[in-house]
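The values are calculated or read from the model by the stated rules, or taken from the named source; none is laboratory data. Note that the structure is predicted; figures quoted are calculated from it, not measured. Methodologically, a virtual Cβ is constructed for each residue, glycine included, from the backbone with ideal geometry; neighbour enumeration extends over all protein chains shown.
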Amino acid sequence: MLNLLRAQWYCLARNRMFWGFLALFAIVMAWDMVSIGQNYHGQEGFRNIPPIYREGVGVALDPEGYLGEGGVMYFFVPLVLLFVAVFFGEEFRAETCRSLVVGPSSRRDLALASAVTVALLTVLFVIVGLVAVYAVIPRFPLLDVGLPTGRTLRWALQLVLIVEVYGLLTVAVAAATKRVAPTVVAMLLLATGQAEVLLMNLYVIASQLGVAIGLPELFAAAEVSSAFFETAAMVPTWLPAAQLQWMMGEGCTPVAGDIAPVALLAAGAFSVALLVIRRRAL
């Protein structure tokens with residue numbers, strides 16, 4: 001697996017789009033923080049406070065609070081998944097790793113390496129974004145973004161798992177089609193929650209049929225607004241779209257009960273990707 005992982009990251013390091021996406025995300029994060037800072041410093045109450053008295057009257061933000069409540073996730077998840085779709089779509093089309101994949105075990109290693117790459121990409125984008133934020137913060141003494149805590153790590157773990165679910169399903173489409181265009185289309189359906197809208201419809205039908213024949217109601221649902229489309233849908237709260245929407249709310253702190261279902265979905269997405277990679281000729 002390590003050879004395949006090294007090969008993928010060697011290709012990433014030479015990929016101009018990879019560096020371009022990282023730079024774009026850093027710029028967006030810095031610009032967003034500058035906008036927030038100018039907004040607070042432009043308010044009359046803050047503007048009239050002499051600098052010597054400003055200590056203790058600023059606005060403190062947790063990293064996860066800024067990333068979530070600031071609406072950054074609306075841009076972050078589609079951006080990372082778009083790169084995953086284009087990169088893996090091109091990788092499978094060009095058969096870059098074909099010489100390293102020999103036998104069933106190597107195909108399993110390719111699926112594992114892809115899963116690790118998706119996770120590391122998510123973490124890398126988060127780190128780059130936070131570095132950009134911390135670089136801008138000194139310009140605005142009334143603002144402060146705290147250092148990561150245990151709560152931040154749980155929030156980040158949940159984010160990685162959500163991107164893993166969508167990312168591995170995107171990898172499965174890339175392996176199945178070996179084309180970039182359908183992979184990007186599949187990514188858009190996943191990243192914008194439209195795939196879960198379909199699941200929601202099936203969920204509602206199953207729930208209504210169950211109640212009609214006397215079965216207990218299914219899991220609770222939460223209202224989720226798609227990132228790109230002005231639609232709202234009811235989806236089970238354990239699906240990634242509902243979890244992602246919740247993570248953009250105030251005071252979100254994922255616990256084991258929130259993380260476990262998404263981890264199981266990530267394992268299921270890995271199984272799908274592995275099945276497709278094993279059955280498709282590379």
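A few points about this structure:
- Annotation note: Cβ proximity below 6 Å between a residue of region 163-192 that is acidic (Asp, Glu) and a residue that is buried (at least 19 other Cβ atoms within 10 Å of the Cβ) and not in a loop (DSSP other than H, G, I, E, B) (sequence gap 6+ or interchain) occurs for GLU164/VAL118; GLU164/ALA266.
- None of THR253, THR177 is surrounded by fewer than 18 Cβ atoms within 10 Å (Cβ to Cβ), at pLDDT 70 or above, farther than 17 Å from ALA115 by Cβ and of a type in the set (Val, Ile, Thr) except THR253.
- Residues that are of a type outside the set (A, V, I, L, M, F, W, C) and buried (at least 24 other Cβ atoms within 10 Å of the Cβ) within region 180-192 comprise just one, THR183.
- Selection status of LEU169, under 30 Å from LEU130 (Cβ atoms), crowded, with 19+ Cβ neighbours inside 10 Å and modelled with pLDDT of 90 or more: yes
- Residue check, LEU112 under 25 Å from MET247 (Cβ atoms), at pLDDT 85 or above and either out of contact with any Leu (no Cβ under 7 Å at 6 or more places or on another chain) or not in a helix (DSSP H, G or I) (or both): no
- Residues of region 104-127 satisfying the condition of being closer than 16 Å to VAL165 by Cβ and within 11 Å of the chain's Cα centre (by Cα): VAL118, ALA119, LEU121, THR122, VAL123
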